[in-house]
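Structure first, commentary second.
The values are calculated or read from the model by the stated rules, or taken from the named source; none is laboratory data. None of the values given here were measured: they were computed from a predicted structure. When we count neighbours, we look across all protein chains shown, and the Cβ atoms used for this are built from the backbone with ideal geometry, even at glycine.
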Amino acid sequence: MADHYAPLRSGTDIPFIGGMINYALENNLIHKEYVAKYTNASFIVKESYKFEDGLFSGYDEAKRAYDKTLWAWETTEDGKPVKDETLEHPRSVFQLMKKHYSRYDVDTVTSVTGTAKEDYLKVCEMFCSTGKAGKSGTIMYAMGATQHTVGTQNVRAYAMLQLLLGNIGLPGGGINAMRGESNVQGSTDFALLYDTLPGYLNMPKATVPENATLAGHLAKETPKSGYWTNRPKFIVSLLKAWYGPNATAENEFGYQFLPKGNKNYSHINLFNAMYKGELEGAFLFGTNPVVGGPNAGKEKEALANLKWMVAVDLWETESSAFWQKGAGSDPSKIKTEVFLLPACSSYEKEGSVSNSSRWMQYRWQAIKPLGESKADLEIMNELMLKIKALYKNESTPAAKQVNAVYWNYGEKEVDIDLVCKEINGYDTTTGKLINGFGSLKDDGTTCSGNWIYCGFYPEEGKNLAQRRDNKDTGLSMYLNWSYAWPMNRRILYNRASADPSGKPWSKEKQVIWYDELQQKWTGYDVPDFVATKKPTDPGFSDPFIMIADGVAGMYAPTLNDGPFPEHYEPYESPIPNPFSSQEINPAIQLFDGDFNKRGFKADYPIVATTYRVSEHWQSGTMTRNQEWLSELVPYMFVEISEELAKEKGINNKDEIIVTSARGEVKAYAMVTKRFKPHTVNGKKIHQIGMPWHFGYKGIATGDTANRLTPHIGDANTTIPEYKAFLCDVRRA
Ligand SMILES: Nc1nc2c(c(=O)[nH]1)N[C@H]1C(S)=C(S)[C@@H](COP(=O)(O)OP(=O)(O)OC[C@H]3O[C@@H](n4cnc5c(=O)[nH]c(N)nc54)[C@H](O)[C@@H]3O)O[C@H]1N2
Ligand SMILES: Nc1nc2c(c(=O)[nH]1)N[C@H]1C(S)=C(S)[C@@H](COP(=O)(O)OP(=O)(O)OC[C@H]3O[C@@H](n4cnc5c(=O)[nH]c(N)nc54)[C@H](O)[C@@H]3O)O[C@H]1N2
Ligand SMILES: [Mo]
């Protein structure tokens with residue numbers, strides 16, 4: 001239960017947080033020294049940066065993209081950003097930010113978000129009180145923030161607010177992404193995202209000419225300062241892990257074997273390509289897009305354009321059964337050949353998961369796999385061994401890549417310990433395990449399958465992810481419990497918990513500090529900086545070492561939709577944007593055709609959002625097949641306010657129909673006080689909410705909410721806008 005609840009209309013987080021930024025600045029509640037020394041607020045931006053009526057400079061309407069070079073720093077002769085630590089310069093980030101958010105005053109903000117003014121002011125007052133030394137505040141977020149066409153900028157706004165208040169790098173501070181599943185963090189670390197290699201190394205793109213060679217790629221990707229200057233060591237060690245003896249200095253360590261993508265293969269783009277018939281086959285490893293995907297009705301149709309599809313799952317899902325009558329398909333018309341491989345559950349196998357705090361925690365097998373089911377790792381291993389056997393005598397370009405892969409995890413049964421050791425990395429000349437990524441080399445004498453995890457399996461110890469020592473090692477940290485990347489550090493950017501001279505900002509919140517008597521750094525955590533030097537030594541490493549400038553980004557000139565978060569209405573919105581004449585985020589990708597039908601307020605005046613209930617898990621496969629959970633939440637329902645129910649003549653438990661530009665769903669009305677109409681610009685706006693867990697399979701069945709959601713995504717990540725779209729409601 002929250003102490004204080006301040007509701008907002010879905011899709012208005014930037015006004016909400018932007019207003020708090022303005023409040024902190026106007027009332028002088030910021031941690032000024034932190035802002036001046038540890039962020040880029042003091043940097044001077046070039047005159048070519050402009051902001052007018054919702055657009056930043058450099059916008060190309062035809063491409064729906066910005067020329068970001070116009071947002072660059074003013075630089076000195078040696079290429080360093082020009083700074084003004086007094087923060088007075090009119091083109092300093094600080095002053096530009098102040099001007100930008102002066103438009104986000106309390107009245108404007110609350111007229112957009114629909115939040116009651118007194119509720120909003122209480123939030124501002126409470127949270128901004130953490131700008132004082134000795135206090136900290138944290139922001140936790142999940143899908144309410146990210147599933148928007150401005151999702152990335154929502155999170156950026158949190159970062160700015162936290163930096164203004166000096167809340168990053170301290171205990172109880174930070175911005176904490178609540179990862180959805182036990183291994184969401186791990187999966188991104190290990191390159192489940194289409195455009196990264198393990199450890200957040202960029203995937204080389206064919207469209208960038210420098211990527212033609214490894215040397216060109218390294219020169220382009222490696223900055224001149226900051227920790228990423230080590231990037232060549234990480235990339236070469238990765239190539240050595242994948243191609244082993246087939247990676248030599250002569251063949252650019254196998255760089256040419258890497259696929260060089262030139263397309264956006266995020267979920268939305270992938271299904272667009274499938275819909276257009278550009279993909280021949282697909283593997284669905286534990287995913288159910290016919291229930292979970294945006295505009296799911298169309299995603300189901302897209303699957304029918306595949307020649308073959310392999311689903312690896314615990315159950316037959318709505319997706320692997322997309323061709324069946326029950327799914328509303330005509331099997332005689334569908335040519336896709338579908339294979340279903342039974343996967344075993346997490347309890348039936350061994351492995352690791354990495355949580356939101358970056359702890360890699362090992363888990364052991366509880367029971368043997370049931371029936372013919374197998375662990376995903378075994379399925380992968382068998383598949384790869386078979387593919388290698390098939391290509392063995394071929395010399396096509398595809399065969400070359402496959403043959404080059406160094407697949408050495410056991411002959412018949414896969415040995416997971418060998419996988420762990422390769423992820424950690426070893427010396428390729430001696431076979432000795434490496435103690436940390438500081439020892440990785442770019443000459444082919446080391447390998448590491450994921451540099452950020454290098455050190456979890458050192459030579460002298462054992463797999464540190466298996467540690468279970470629950471002793472508090474100080475400040476409620478448990479350094480001997482599992483392994484936190486990087487280097488078992490628990491609080492990222494912990495250098496920022498002390499002032500530039502190395503003295504903690506406060507006794508209450510001290511993590512790492514410089515002990516003048518002993519002449520060394522000491523504290524409770526693993527330092528996130530070069531701790532061998534005095535704070536006053538020249539060349540002392542900066543608090544945000546992963547960023548080339550060494551300080552945190554109050555201003556982010558690398559994002560697609562602007563260096564400062566700016567409010568745009570969702571793709572589908574009930575009102576014109578009160579902040580500018582740009583209705584929607586000008587940098588999102590738009591698509592034509594069926595997938596992208598957009599609804600407008602004349603037909604669909606009600607805001608809709610989707611979310612989860614405790615009793616069901618995701619697309620429902622894991623819970624709608626369980627009798628007890630199915631009994632707890634057996635039906636698809638829609639939450640509507642008492643006010644809307646009255647207007648539409650709907651009673652609690654009535655069957656209703658919700659429509660959007662994409663389709664319609666039937667559900668039971670749950671008339672509730674949890675939803676209230678918002679007053680937006682003096683007008684009443686209704687909002688409804690619904691779970692997205694239902695489908696036609698399993699015990700508890702119901703219509704799929706995602707038949708309603710738009711196939712549109714964020715300007716940087718393309719995460720779908722599941723949290724704010726337009727609909728209408730009527731009695732069935
Ligand atoms: N029982 C159960 N637990 C789960 C899951 C599950 O399916 N079932 N799924 C897991 C996964 S993968 C994930 S990603 C997480 C997701 O965890 P959450 O993000 O917490 O889950 P949601 O219920 O999707 O959405 C959270 C809230 O966002 C609010 N919201 C809607 N629109 C907006 C908006 O514009 N701004 C803001 N600030 N809030 C808004 C909704 O009211 C909702 O309460 O949950 C994980 N945990
Ligand atoms: N409208 C709307 N849609 C949403 C969201 C929303 O908030 N609103 N949230 C989105 C989010 S955050 C997420 S994460 C996605 C999730 O979307 P999906 O990943 O498509 O949905 P899940 O139900 O998590 O699918 C997991 C599948 O994996 C299977 N499985 C379980 N364990 C294993 C295993 O060990 N191996 C294998 N091979 N399979 C296994 C399960 O049986 C299940 O069928 O949905 C998204 N969709
Ligand atoms: Mo998720």
- prompt: Out of (1) of a type outside the set (Ser, Thr, Tyr); (2) assigned to a helix (DSSP H, G or I); (3) within 16 Å of ligand 2 (Cβ to nearest atom), the odd one out for residue 157 is which?
  reply: (3)
message: When you check residue 163 against the structure, is it closer than 21 Å to residue 32 by Cβ, in contact (Cβ under 8 Å) with a residue 12 or more places away in the chain and surrounded by 16 or more Cβ atoms within 10 Å (Cβ to Cβ), yes or no?
response: yes
- request: Give me the pairs, please: first residue somewhere in segment 129-149 and under 12 Å from residue 173 (Cβ atoms), second residue anywhere and within 14 Å of ligand 3 (Cβ to nearest atom), beta-carbon distance under 6 Å, and either six or more positions apart or on two chains.
  value: 140/178
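Can you name the residue in segment 356-377 that is within 28 Å of the chain's Cα centre (by Cα) and surrounded by fewer than 19 Cβ atoms within 10 Å (Cβ to Cβ) and is also nearest to ligand 1 (Cβ to nearest atom) among such residues?
By that ranking, first place goes to 356.
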Breaking point among (1) surrounded by fewer than 17 Cβ atoms within 10 Å (Cβ to Cβ); (2) at pLDDT 95 or above; (3) charged (D, E, K, R), for residue 674: (2)
- request: Assess whether residue 296 counts as being within 11 Å of ligand 2 (Cβ to nearest atom), surrounded by 15 or more Cβ atoms within 10 Å (Cβ to Cβ) and assigned by TED's automatic domain parsing to the domain that holds residue 380.
  value: yes
message: So if I check each of 253, 285, which one is among the hydrophobic types (A, V, I, L, M, F, W, C) and within 16 Å of ligand 1 (Cβ to nearest atom)?
response: 285
Scope segment 652-708; condition without any contact (Cβ under 8 Å) to a residue 60 or more places away in the chain and in a loop (DSSP other than H, G, I, E, B); matching residues: 652, 653, 673, 674, 675, 677
query: Within segment 309-380, which strands (runs of 3 or more DSSP E) (wholly inside it) include 1 or more residues that are without any contact (Cβ under 8 Å) to a residue 24 or more places away in the chain?
result: 359-363
- prompt: When segment 613-630 is examined, which residues are found to be farther than 21 Å from residue 293 by Cβ and either touching a helix residue (DSSP H, G or I) at 6+ places or on another chain (Cβ under 9 Å) or free of Cβ contacts under 8 Å to residues at least 24 places away in the same chain (or both)?
  reply: 614, 615, 628, 629, 630
task: May I ask you to say which residue of 253, 285 is hydrophobic (A, V, I, L, M, F, W, C), within 16 Å of ligand 2 (Cβ to nearest atom) and farther than 17 Å from residue 195 by Cα?
output: 285
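I'd like to check something: does segment 124-140 contain any residue that is among the charged types (D, E, K, R), within 16 Å of ligand 1 (Cβ to nearest atom) and either part of a loop (DSSP other than H, G, I, E, B) or modelled with pLDDT of 95 or more (or both)? Lay out the reasoning, then the answer.
Kept after step one, since they are among the charged types (D, E, K, R), are these residues of segment 124-140: 125, 132, 135.
Then drop every residue that is not within 16 Å of ligand 1 (Cβ to nearest atom), which leaves none.
No, there is no match, as no residue in segment 124-140 is among the charged types (D, E, K, R), within 16 Å of ligand 1 (Cβ to nearest atom) and either part of a loop (DSSP other than H, G, I, E, B) or modelled with pLDDT of 95 or more (or both).
Yes/no matrix, rows are residues, columns are (1) more than 21 Å from residue 721 (Cβ to Cβ); (2) not in a strand (DSSP E or B):
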{"site": "239", "(1), (2)": "yes, yes"}
{"site": "262", "(1), (2)": "yes, yes"}
{"site": "265", "(1), (2)": "no, yes"}
{"site": "282", "(1), (2)": "yes, no"}
